[in-house]
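Data first, discussion second: the structure below is written as structure tokens.
We did not get these values from a lab; they are worked out from the coordinates using the rules stated. Bear in mind that the values here come from a model prediction, so they are computed numbers and not experimental data. Note: ideal-geometry Cβ built from the backbone for every residue, glycine included; neighbour counts use all protein chains shown.
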Amino acid sequence: MIIPLDKLLTYNKNKYIFSRATMEAVEKIGNMRSFPEDDSKWKVVPNILKLMLNNDVKFINYEEPEKEQ
């Protein structure tokens, strides 16, 4: 299996932000040196998840302060 399920299940940060960052990374696969070039490259999302869970692709979350009305 491509996705390291043990890491995914024990991920203890905001999973929504992680999912959004993963989808943003899918849009940028052309810029990733560590993206596989073998027969599994057509499985884009599982490969990106694996890279992000193994910290091969890093994302930084800049939280914006909430606006008061």
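In nanometres, what is the gap between the two model label sites at residue 28 and residue 42, each 7 Å from Cα along Cα-to-Cβ?
In this crude spin-label approximation the distance works out to 2.7 nm.
Roughly how many debye, to the nearest 20, is the charge dipole of the chain about its Cα centre, given +1 on each Lys and Arg Cβ, -1 on each Asp and Glu Cβ, and no other charges?
Working: 11 positive and 11 negative charges, 33 e Å.
Once rounded to the nearest 20, the dipole reads 160 debye.
Read phi for every residue in segment 25-33 and hand back ³J(HN,Hα) as whole Hz from Karplus 6.51 cos²θ - 1.76 cosθ + 1.60, θ = phi - 60°, with x for Gly and Pro.
3J(HN,Hα) across segment 25-33, in whole Hz: 5, 4, 5, 10, 5, x, 9, 9, 6.
Per residue of segment 48-63, what does 6.51 cos²θ - 1.76 cosθ + 1.60 with θ = phi - 60° give for ³J(HN,Hα)? Whole Hz please, x for Gly and Pro, Karplus curve as stated.
Karplus values, whole Hz, x for Gly and Pro: 5, 4, 4, 4, 6, 5, 8, 6, 7, 10, 10, 10, 10, 9, 9, 7.
Counting alpha carbon pairs within less than 8 Å and at least 6 residues apart, what relative contact order, in whole percent, applies to the chain?
40
Ordered by residue, what ³J(HN,Hα) values in Hz, to whole numbers, does segment 9-17 give under the Karplus form 6.51 cos²θ - 1.76 cosθ + 1.60, where θ = phi - 60° and Gly and Pro are x?
Using θ = phi - 60°, the values come out as 6, 9, 5, 10, 9, 5, 6, 5, 5 Hz.
Give the lysines whose C-alpha is closer than 24 Å to that of residue 43, dropping any in the same chain fewer than 8 places away, or say none.
7, 15, 28, 58
Which FRET efficiency, nearest 0.05, do residue 12 and residue 66 yield, Cβ-Cβ r, R0 22 Å? All intermediate terms of the calculation are to be shown ahead of the outcome.
Working: r = 23 Å, r/R0 = 1.05.
Rounded to the nearest 0.05, the efficiency is 0.45.
Mind telling me which of 58, 13, 43 comes out most flexible in a GNM of the chain, alpha-carbon contacts under 10 Å?
13
Name the residues whose placed amide hydrogens come within less than 5 Å of the amide hydrogen of residue 32, ignoring near sequence neighbours (fewer than 5 apart) on the same chain.
Long-range HN contacts for residue 32: none found.
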